[in-house]
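I have placed the structure first, in the form of C-alpha cells, so that the comments after it can refer back to it.
The values are calculated or read from the model by the stated rules, or taken from the named source; none is laboratory data. These numbers come from a predicted model, not from an experiment. Ideal geometry is used to build each Cβ from the backbone, glycine not excepted, and the neighbour counts take in all protein chains shown.
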Amino acid sequence: MNRLDEILRDVLDKASDPRKIIELMRNASGRVKSSTRNYVFHEPGIIEVERGVNLHIIGDLHGDIHSLLTILGERFELLGQGSDVMVFLGDYVDRGDYQIETLALLLYLKTAFNDQIILLRGNHEPPTWLIPHPHDFPSVLVERYGEEGEKVYSEALSLFNTLPITAYLPGEILMLHGGPPLKVLEASSFEEAFSLNTGKASPEMLEEILWSDPVELNVEFLDSPRGAGVLYGKKVSSKALGLIHGKYIVRSHEMVNGYRVAHDGLVITVFDAAIPYGLDSIGVVEYLYDTVRDQYRLNLVKKSPKT
Ligand SMILES: [Mn+2]
C-alpha cells in the first residue's frame, strides 16, 4: 500500500465517526493562520504566497473524490518537501457522492502538510446569511451521522468562517473562487481593495469574491443571474491585476470542461467536479517557477478525471 492509500484509509475512518470528523475540522481550522514557509496569512483571510513557490491550482470539487485523487496522484510525492503549494479554490461539498470524504481528505492534507496546502473558501462553504442552492451537505451529514450530523454541520460552518478568501503572489497571480471585489475599481492599492489587515471582510466583499463570474461584455459589471455577486467585465480584472502588478486571475465557480480562458487571457476558470457534472475533463492551473530565469511559466493541464 502506498502512502496516499494509507492516508485515504485513515481519512475514511475519520469520516465514519462524527467525533473524529469534528476533531479533524478543529485541527485544520487551527492551522489556517500558521504556516512556517511558502505563504503567510493576513487578515481578513488574504494569503500572500512567496516568490519561488510552484503553484498547483485546483477548482471546484463538489464531493468528487475520484477527480481529487487523480489530481493528487501525480503530485502527492511533492508533499512533505520543497516549495510546491496546492491551492484549492473552494466548493468542496454539495452535489457529489463523496462530500464528507472529499472534505475530510482535504482537511487531513491541510493538517499534515499545512505549508503546502491552501484551502480557499467557495460559495458552498457559506456564511449563514448567503446559503447556495443546492446545499445538500447538511442532509448528507444527518444521513451519515444521524442526530450528530447537526453538530458536525455547525462545526463545518465554523470551519468555513476561518477559511481564507483570496490568495495572491505579488507581481504574478490572484486566486479566488469567483471574482475580485468591486472595490478594486476605486481603490488605489491592493491593501485598500481587499481591506488588508483591517479586520473583517465586509459582506459585499465576501459576496463578490465568492459569487461573481467574468462576462465578455464591454461593461464594468452587471447584476448576476445567480442572485448574488456580479458579472464583471475585463476592466475589473485588469484593475485588480494592476493592484498586484499581476498577470492572471485564476478562479473556479463555473462549470467548464477542465479550464477556460476569458478577458483576453487575464482570467482562467478551472473546474474539477467532472464526475458529478458528467464532464470528461478536469483541469489544473500550474504556475511554475524557473529559478535560473527568475520567471514564472503558466501551464494549463487538462486530463481525464479517472487515471
Ligand atoms: Mn461556486
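Of all residues in the range 275-307, how many are in a strand (DSSP E or B) and of a type in the set (Asp, Glu)?
So the count comes out to 2.
Tell me whether the range 131-145 contains one or more residues that are more than 14 Å from the ligand (Cβ to nearest atom), of a type in the set (Asp, Glu) and over 30 Å from Val40 (Cβ atoms).
Checking the range 131-145: at least one residue is more than 14 Å from the ligand (Cβ to nearest atom), of a type in the set (Asp, Glu) and over 30 Å from Val40 (Cβ atoms).
Select from the range 263-303 the residues that are over 20 Å from Ser67 (Cβ atoms) and in contact with a helix residue (DSSP H, G or I) (Cβ under 8 Å, 6 or more places away or on another chain) and list them in ascending order.
The answer is His263, Asp264, Leu266, Val267.
For the range 55-88, what are the residues that are crowded, with 19+ Cβ neighbours inside 10 Å, among the polar types (S, T, N, Q) and away from the ligand (no atom under 16 Å from the Cβ)?
Matches in the range 55-88: Thr70 only.
Can you name every residue in the range 259-274 that is surrounded by 21 or more Cβ atoms within 10 Å (Cβ to Cβ), part of a loop (DSSP other than H, G, I, E, B) and either hydrophobic (A, V, I, L, M, F, W, C) or over 15 Å from the mean Cα position of the chain (by Cα) (or both)?
Residues satisfying the conditions are Ala273, Ala274.
Name every residue in the range 198-217 that is farther than 14 Å from Lys183 by Cα and either within 13 Å of the ligand (Cβ to nearest atom) or modelled with pLDDT under 95 (or both), in order of residue number. Walk me through how you get there before you give the answer.
Of the range 198-217, the ones farther than 14 Å from Lys183 by Cα are 198-200, 210-211, 213-217.
Hits for the range 198-217 are Thr198, Gly199, Lys200, Leu210, Trp211, Asp213.
If Asn123 meets every condition in (1) under 21 Å from the mean Cα position of the chain (by Cα); (2) surrounded by fewer than 24 Cβ atoms within 10 Å (Cβ to Cβ); (3) more than 15 Å from Met86 (Cα to Cα) apart from one, which number is that one?
Of everything listed in (1) under 21 Å from the mean Cα position of the chain (by Cα); (2) surrounded by fewer than 24 Cβ atoms within 10 Å (Cβ to Cβ); (3) more than 15 Å from Met86 (Cα to Cα), Asn123 misses just condition (2).
Quick test for you: out of Phe194, Phe221, pick the one residue that is away from the ligand (no atom under 16 Å from the Cβ), of a type in the set (Phe, Trp, Tyr) and closer than 21 Å to Trp129 by Cα.
None of the others qualify; the one that does is Phe194.
Being part of a helix (DSSP H, G or I), more than 15 Å from the chain's Cα centre (by Cα) and surrounded by fewer than 24 Cβ atoms within 10 Å (Cβ to Cβ) is the filter; apply it to the range 89-120 and report the residue that is nearest to the ligand (Cβ to nearest atom).
It comes out as Glu101.
Looking at the range 34-53, which of its residues are in contact (Cβ under 8 Å) with a residue 60 or more places away in the chain and among the hydrophobic types (A, V, I, L, M, F, W, C)?
Of everything in the range 34-53, those that are in contact (Cβ under 8 Å) with a residue 60 or more places away in the chain and among the hydrophobic types (A, V, I, L, M, F, W, C) turn out to be Phe41, Ile46, Ile47, Val49, Val53.
Could you grab the pairs with beta carbons closer than 8 Å, sequence gap of 6+ or different chains, first residue in the range 206-218 and under 13 Å from Val236 (Cβ atoms) and part of a helix (DSSP H, G or I), second one more than 10 Å from the ligand (Cβ to nearest atom) and modelled with pLDDT under 95?
Hits for this filter: Ile209/Ala201.
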